[in-house]
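Since the structure comes first, as structure tokens, the remarks are kept for the end.
The values are calculated or read from the model by the stated rules, or taken from the named source; none is laboratory data. Every value quoted in this text rests on a predicted model; they were computed, and no experiment measured them. Here the Cβ is made from the backbone with ideal geometry for all residues, glycine too, and neighbour counts use every protein chain on show. Calculation scope for accessible area: heavy atoms of the full protein, side chains included, ligands and nucleic acids excluded. Shrake-Rupley method; radii C 1.70, N 1.55, O 1.52, S 1.80 Å.
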Amino acid sequence: MNIGFLGCGNIAQAMIVGLLDSGLKPGSITVLTRNQKKKKFYEKNSIKRLAVSKANSAKFDFIFLCVKPKDVKNAIERSRINWENTTLVSVVAGVSSQKLKIFTNSEKVIRIMPTTSAEFGKSITAIFMAEEQKKQTKKLIPLLNKMGSTVELSSEKDLHEFTAVVGSGQAFIMEALKQYDEKLLKFSKNKNAASKNLAMFVSSIAQHIELNNGIEPSIKKIMSPKGTTYSGLKALKKNKISSVLKSAFKAAEKRSKEIQNEY
């Protein structure tokens with residue numbers, strides 16, 4: 001299988017590293033590029049590069065579009081790719097399948113939304129495709145599963161909410177974790193030790209959820225009646241922490257929809 005990446009920012013690099021670590025051969029990945037800004041990354045991971053203007057000289061099963069929304073049209077036009085010979089897999093938030101089909105003059109378009117956790121095989125990747133593209137997903141989904149797990153969406157509109165909850169959600173949780181970072185610094189030898197303690201603290205939460213089959217059973221295992229955890233959770237509920245997160249989801253989802261209207 002030959003895979004191309006049009007764009008090599010944070011998400012593309014995370015996907016590439018995740019795919020390589022899962023056993024994909026470096027020779028099967030090519031970055032279509034216009035500059036040498038990521039030279040160290042290419043050399044470190046033995047990634048092939050091909051000038052965008054020469055992209056049509058190579059054959060690809062899939063080309064992942066990993067550019068900013070404002071650059072989509074220009075990137076596709078400059079690539080001069082015959083899109084009838086490959087499938088465009090867009091990682092771009094907010095740019096609809098319909099727009100991508102117009103830009104490529106092709107029906108072979110699939111949209112996905114991975115996270116940067118693809119780098120260590122922990123991405124939950126959403127995928128949406130039209131009915132006629134479902135044959136292609138038989139090849140694509142196993143590839144995406146090398147970076148974590150895949151969720152198939154029945155409606156393209158659901159990508160807005162998925163982007164907000166999963167795509168942006170980790171950053172929302174990290175923002176909340178800043179309070180823990182500050183407290184752990186107080187109890188740790190230095191900042192480096194505090195970061196390691198925070199990482200252990202967060203990973204233990206994931207293990208609780210996995211071993212206890214959900215959040216509520218995990219909370220019950222930690223909390224004793226009328227104890228310190230009970231009092232703290234009561235304060236969180238009183239201050240409507242769930243409403244704060246829901247407002248963040250809504251704001252991110254709204255922005256995703258705005259991007260679609262802009263581009």
With a 1.4 Å probe and every protein chain left in place, tell me how much accessible area LEU233 has, in Å² to the nearest 10. 50
Can you return the aspartates and glutamates within cross-link range of LYS40? Criterion is Cα-Cα under 19 Å, with same-chain partners fewer than 8 residues away left out. ASP21, GLU119
At a Cα cut-off below 18 Å, give the lysines reachable from LYS178, other chains included and same-chain residues fewer than 8 away excluded. LYS186, LYS189, LYS191, LYS196
Which net charge results for the neighbourhood of MET223, defined as the other residues with beta-carbon distances under 14 angstrom from its beta-carbon, given Lys and Arg at +1 and Asp and Glu at -1? +4
Starting with the highest mean, order 202-212, 109-119 by the number of other Cβ atoms within 10 Å, averaged over the residues of each peptide. 109-119, 202-212
Taking just the alpha carbons, could you work out the radius of gyration and Dmax for region 1-138, both in angstroms? 13.9, 40
Could you state the number of Å between the C-alpha centres of region 1-52 and region 99-158? 18
If N is the number of residues in region 209-252, what value comes out of its Cα radius of gyration divided by 2.2 N^0.38 Å? 1.40
Report, ordered by chain and residue number, the lysines lying within cross-link reach of LYS221, taken as a straight Cα distance under 18 Å and ignoring same-chain residues fewer than 8 apart. LYS234
Which percent, to the nearest 5, of DSSP beta bridges fully inside region 56-211 are antiparallel? 25
Add -39500 (n - 2.57) for each DSSP H run of 4 or more in the chain, then divide by its residues: what number comes out at 222 nm, to the nearest 500 deg cm²/dmol? -15500 deg cm²/dmol
Considering only the other residues whose Cβ falls under 13 Å of the Cβ of ASN213, what net charge follows from Lys and Arg at +1 and Asp and Glu at -1? 0
Spelling out what I want: for every residue of region 244-258, take phi, set θ = phi - 60°, compute 6.51 cos²θ - 1.76 cosθ + 1.60 (Karplus), and round to whole Hz; glycine and proline get x. 4, 5, 4, 5, 5, 4, 5, 5, 5, 5, 4, 5, 4, 5, 5
Obtain the radius of gyration and the Kirkwood radius of region 101-162 from its C-alpha atoms and give Rg over Rh. 0.98
Jot down the per residue volume, in cubic angstrom and as a whole number, of the convex hull over the alpha-carbon atoms of the chain. 154
